[in-house]
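S.K.: Just dropping this structure here.
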Amino acid sequence: MAPKATLETGRAVRLACRNQTWTEQTSGLAYGFAQANLVILPKEHAFDFLMFCRNNPKPCPLLDVTEPGDPVPRNVAPDGDLRTDLPRYRVWRQGELVDEPADVTSLWRPDFVSFVIGCSFTFEAALLRAGVPVRHVELGRNVPMFRTNIPCRPAGVFHGPLVVSMRPMTPSDAIRAVQITSRYPGVHGAPVHLGLPERIGIADLQRPDFGEPVPVADGELPVFWACGVTPQAALMQARLPLAITHSPGCMFVTDVPDDTLAAG
């Protein structure tokens, strides 16, 4: 396993993934560089998915879309390879998860279109710089993610619930987090909900649908952001013959500086 301290740039993380010397989640790596979710689909479904992203910009903020058959996201990582440069992928057939490989080169097709979608790991660096603690980073865990009862706006074959990521914070830190993350609309922006998880269909904060649980201390609020795992819930509903995504928490790390995604 590559030493975490050496993975300080997007390129370093990508090469470590490509060589399979880094196969774990990417939160806390390459601070200062934007991280991204990934969805890879056949071209025949690409327009519907593009419209799904346009209809749901909070969970699906697009950073790049590739040409059919091209595995290089030229706008965000010109020397990257979306077939190899993530720690782990998910392979979906008929809406069912069938594999979680570290490389999808053998599955690649000339009609594949890739969607690179902003990730909340990006704004975590801004939170930490401002002195706002991020619990899952402190604990070395993957962020907890939950399906909600909030429906996404459908497009073509794609529909499903909003998925959110959760970070527990004191009320004062939650206010600062809203102020900070609202400047990053390209990576989910401000939270979509604070406190009262049952209001958005979450029964137990210690049983996330994706990622790992983190403790919520007395006096803290669970703060929820729209999450780029939302497309995976939509893929389950669409039941495409084949689709590929990132494994939750195992992101594509770009060459895009975080600050360039800040508004104003």
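S.K.: State yes or no: is V91 farther than 16 Å from A36 by Cβ and assigned by TED's automatic domain parsing to the domain that holds R11?
M.R.: Yes: the conditions hold for V91.
S.K.: Then there is this: List, please: which pairs have Cβ atoms under 8 Å, are six or more places apart or on different chains, and start with a residue in the range 31-44 that is over 19 Å from G186 (Cα atoms) and end with one that is part of a helix (DSSP H, G or I)?
M.R.: Taking only residues 6 or more apart or on different chains, the pairs are L41/F49.
S.K.: May I pose another question? Residues that are in contact with an Asp or Glu (Cβ under 6 Å, 6 or more places away or on another chain), in a loop (DSSP other than H, G, I, E, B) and farther than 23 Å from G131 by Cβ: does the range 247-255 have at least one?
M.R.: Within the range 247-255, one or more residues are in contact with an Asp or Glu (Cβ under 6 Å, 6 or more places away or on another chain), in a loop (DSSP other than H, G, I, E, B) and farther than 23 Å from G131 by Cβ.
S.K.: Out of all the residues in the range 1-32, which are more than 14 Å from G80 (Cα to Cα) and not in a loop (DSSP other than H, G, I, E, B)?
M.R.: Correct list: K4, A5, T6.
S.K.: Also, I was wondering about something else. Being aliphatic (A, V, I, L, M) and modelled with pLDDT of 95 or more is the filter; apply it to the range 1-35 and report the residue that is nearest to V72 (Cα to Cα).
M.R.: Taking the candidates together, the pick is L15.
The values are calculated or read from the model by the stated rules, or taken from the named source; none is laboratory data. Just so you know, these numbers come straight off a predicted model, no measurement behind them. Using ideal geometry, Cβ is built from the backbone for each residue, glycine included, and neighbour counts are taken over all protein chains shown.
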